Amino acid sequence: MRIAIFGSGALGALFGARLQRAGEDVTFIARGATLQALRERGIQVTSAALGDFSVAPVTASDDPQSVGPAGLVLLTVKAYDLEGTAAALRPLVGAGTLVLPVLNGVEIAERLGAVLGMEHLLGGITYTGAVTLAPGSVRQLGQDGIRLGEPSGGPSARTETVRALLERAGIPATVSDDITRDTWTKLVFFAATGGVLSLARATFGAVQRHPGVRGVFIAVMREVEAVARRKGLALPPNVVEHGLALLDGYAPDSTSSMMRDVVAGRPLELDVVHGAVVRQGKQLGVPTPTCALIYALLSLHANGTAKS
């Protein structure tokens, strides 16, 4: 299967390098310094779990039109302009193309599908940890793997095909019977880590130790859980308790990806995280005051108006 990696940062480079190492036909869509590094040096992966390795040469382009349709598009960009992203990757989508987004947030497949056609979309999440050391150089850390499923739920031949493809490349993959439930389960924790750490400019250790901030963290998780349950999603009964266990398991000096984006002045994935919780909460009659506060205040940074 011909595979296009749309977004060649930490996750895209990590997954794409493993797929190419397994013999798959992979093209990386990248730009700027990353594109130059991929063309000149390929990809270098550092990982205690996987072992260090590199792949070179790699095929990389900044022009999806010249690449043409792929069998699978693995989408690993930040989810702050979904409609723009869908339009940009449209040349990669042919009659039988599958698009697997592994992005943070909810409403992802539906919004991409509104542009590309829902028949091309799968749902996906990843808990894989990866950081960019330099363009084309990535370190894998923490958990690893992809969970995918049909947006409408249930098993299918195509999700099994993609699962097997990922497994052959050594990427742990599972097929979900309800990827929407799993996406909201992840959102419970992600909304809290992203929102609270970003506003407080705090490390995980500060949240672990400070009772008041820890209380805000719990409030965010409970609001997301309440919206998901009102939607009829069967989240695990102990989803908040599990989130607290995850919080306490983080290295005290570590931070969240959203906080790092705020500090660096990069765009934020607010609309598919706190924005989605607030919107759907209003539609369903579920109060989400903590998420609404986070959404409003971080929107200043997302829109570039915090200093004006």
Notebook entry, point to check: Just for strands (runs of 3 or more DSSP E) wholly inside segment 6-80: which have at least 3 residues that are surrounded by 20 or more Cβ atoms within 10 Å (Cβ to Cβ)?
Noted result: 25-29, 70-75
Checklist line | Residues satisfying the stated conditions in segment 270-299, i.e. among the aliphatic types (A, V, I, L, M), open to solvent by 30 Å² or more (accessible area, probe 1.4 Å) and either without any contact (Cβ under 8 Å) to a residue 60 or more places away in the chain or touching a strand residue (DSSP E or B) at 6+ places or on another chain (Cβ under 8 Å) (or both) | finding: L284, A292, L293, A296
Check: Which members of segment 168-182 meet the condition of being surrounded by 15 or more Cβ atoms within 10 Å (Cβ to Cβ) and part of a helix (DSSP H, G or I)?
Finding: I179, T180, R181, D182
Next item on the list: May I ask you to verify whether V273 is in contact with a Phe, Trp or Tyr (Cβ under 8 Å, 6 or more places away or on another chain), within 25 Å of D182 (Cβ to Cβ) and either at pLDDT 95 or above or among the basic types (K, R) (or both)?
Entry: yes
Note to self: Among the residues that make up segment 90-104, is at least one of them modelled with pLDDT of 95 or more, assigned to a helix (DSSP H, G or I) and not charged (D, E, K, R)?
What the structure shows: yes
Notebook entry, point to check: Got at least one residue in segment 170-190 being modelled with pLDDT of 95 or more, aromatic (F, W, Y) and more than 17 Å from P101 (Cα to Cα)?
Noted result: yes
Item checked: One residue from T185, T159 being part of a helix (DSSP H, G or I) and open to solvent by 30 Å² or more (accessible area, probe 1.4 Å) -> T185
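Matching residues to (1) among the small types (G, A, S); (2) in a helix (DSSP H, G or I); (3) open to solvent by 70 Å² or more (accessible area, probe 1.4 Å); (4) touching a Ser or Thr at 6+ places or on another chain (Cβ under 9 Å):
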{"site": "S198", "(1), (2), (3), (4)": "yes, yes, no, yes"}
{"site": "G205", "(1), (2), (3), (4)": "yes, yes, no, yes"}
{"site": "F217", "(1), (2), (3), (4)": "no, yes, no, yes"}
{"site": "M221", "(1), (2), (3), (4)": "no, yes, no, no"}
{"site": "V227", "(1), (2), (3), (4)": "no, yes, no, yes"}
{"site": "L247", "(1), (2), (3), (4)": "no, yes, no, yes"}
Notebook entry, point to check: Of the residues that make up segment 125-146, is at least one part of a helix (DSSP H, G or I), among the small types (G, A, S) and either over 20 Å from A30 (Cα atoms) or open to solvent by less than 30 Å² (accessible area, probe 1.4 Å) (or both)?
Noted result: no
Next item on the list: Please state which one of L293, L297, L233 is aliphatic (A, V, I, L, M), at pLDDT 90 or above and part of a loop (DSSP other than H, G, I, E, B).
Entry: L233
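The values are calculated or read from the model by the stated rules, or taken from the named source; none is laboratory data. Please read all numbers here as calculations on a predicted model, not as lab measurements. Here the Cβ is made from the backbone with ideal geometry for all residues, glycine too, and neighbour counts use every protein chain on show. Only protein heavy atoms, including side chains, enter the accessible area calculation; ligands, DNA and RNA are left aside. Shrake-Rupley method; radii C 1.70, N 1.55, O 1.52, S 1.80 Å.
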